[in-house]
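So the structure is just underneath, and the comments pick up after that.
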Amino acid sequence: MRPHEKFMRLALHLAEKGKGLTRPNPMVGAVVVKGGNILGKGYHRAAGEPHAEVIALEEAGENAKGAELFVNLEPCCHYGRTPPCVEKIWESGIKKVVVAMSDPNPRVKGEGIRQLREKGIEVELGILQDQARQLNEVFIKYITTQEPFVIVKTAMSLDGKIATREGDSRWITGKESRQLVHLLRSQVDGVVVGIETVLRDDPALTTRLDDNLLAEDAARIIVDSNCRLPPEAKVINADSKAPTIAAISSKVPRQNYDLLVERGVEVLPLPTKQDKISLKDLLYSLGQRGMSSLLIEGGGTLNYGFLQEGLIDKLYLFIGPIICGGNEAPTPFSGEGVSFLSEAWGVKNIEIESYGDDLLLVGYPQKKKLREREADVHRTN
């Protein structure tokens, strides 16, 4: 491993410590190095707190003069909640900055690198860029589209069922998998389910972790076109500071949801298509509220709606070691489906992990024709 990669991996490792805590800011880690020795390191802990570069440079102190700074994201050059890092870097006497990726934020986007070079500081860009982009995939999607990064999580049996034919789904996966789901909830801005999930399971959708420092609830968002959310539902009455939002059809009369408003529910009227909420409009509206990430925990209908519209960015598929069987047992993605395999969705960059007796498949869905994939194979061979 080249020295530059070694120190950039450390910066990425430090950055990841801020996962779920910095949003809507990116995760950033920084390392100050001179003569192969680490003089200072730091990471961005939360929005409004000092940036990683500042922490690392303050730890290095006067020894930072003539040193190199490794950072996984281009240093900022504008005033926000904190002063620009470019000035701090220049004042410290750093001679070279090694950057994994440029900042996609339109307020930065190469300007930080330009200013560093203008001040006579050498800049090297692109070390472990792919890893850096994956680490901040949520930030990249949100800052460039103003729409949240969408993660679909589902738990299914070995034969692809999310419940029995009678609707029994507790529990398909084990405790370890369920704890990871609660961790995921703590790292997103909103958890989304459909009204049928609420009516059938009455979930609280709160975050329950052994580590209370991470046990922050996300907003609970119910996709409920016809405003059937019961006022006694747990998502409304659970002990939580997080808001409950009901996404309903804009055609629903006001009197139909007055009681929900009285119970503290935020009602979000949205356009509908064929009596279903426009999921694209839902993402836009939540993005305008500053939500950068969503965890979809719905049933097959809602999941397929997001898939069909091309709105899913990432999949978390938990697989429990059981077989349910049954033609009527629900699956993770229902709906109309495709007629031919050439129309199916592919899943790329798959990673497989184990949690207790369960398997977790993580990947990124895309609409890719199998014929094209087969052609790629033939060309490779």
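The values are calculated or read from the model by the stated rules, or taken from the named source; none is laboratory data. As the structure is a computational prediction, the values presented were derived from the model and not from experiment. In this analysis, Cβ positions are derived from the backbone assuming ideal geometry, glycine residues included, and neighbour counts consider all displayed protein chains. We work out accessible area using only protein heavy atoms, side chains counted, and drop any ligands, DNA or RNA first. Shrake-Rupley method; radii C 1.70, N 1.55, O 1.52, S 1.80 Å.
Tell me which of these C85 doesn't satisfy, since it passes every other one: (1) modelled with pLDDT of 95 or more; (2) crowded, with 22+ Cβ neighbours inside 10 Å; (3) of a type in the set (A, V, I, L, M, F, W, C); (4) over 19 Å from the mean Cα position of the chain (by Cα). In the conditions (1) modelled with pLDDT of 95 or more; (2) crowded, with 22+ Cβ neighbours inside 10 Å; (3) of a type in the set (A, V, I, L, M, F, W, C); (4) over 19 Å from the mean Cα position of the chain (by Cα), C85 misses (1) alone. A single member of L294, L268 is closer than 18 Å to G194 by Cβ, of a type outside the set (S, T, Y) and free of Cβ contacts under 8 Å to residues at least 60 places away in the same chain, and it is L268. Exactly one residue among S285, S249 is in contact (Cβ under 8 Å) with a residue 12 or more places away in the chain, touching an Asp or Glu at 6+ places or on another chain (Cβ under 8 Å) and more than 22 Å from M156 (Cβ to Cβ), and that residue is S249. Number of residues in the range 15-52 that are open to solvent by 10 Å² or more (accessible area, probe 1.4 Å) and not in a strand (DSSP E or B): the value is 20. Going by the conditions given, is S250 over 21 Å from T301 (Cβ atoms), out of contact with any Phe, Trp or Tyr (no Cβ under 7 Å at 6 or more places or on another chain) and at pLDDT below 95? No; evaluated as a whole, the condition is false for this residue. Of all positions in the range 297-320, none carries a residue that is more than 26 Å from the chain's Cα centre (by Cα), at pLDDT 95 or above and either surrounded by 19 or more Cβ atoms within 10 Å (Cβ to Cβ) or among the hydroxyl-bearing types (S, T, Y) (or both).
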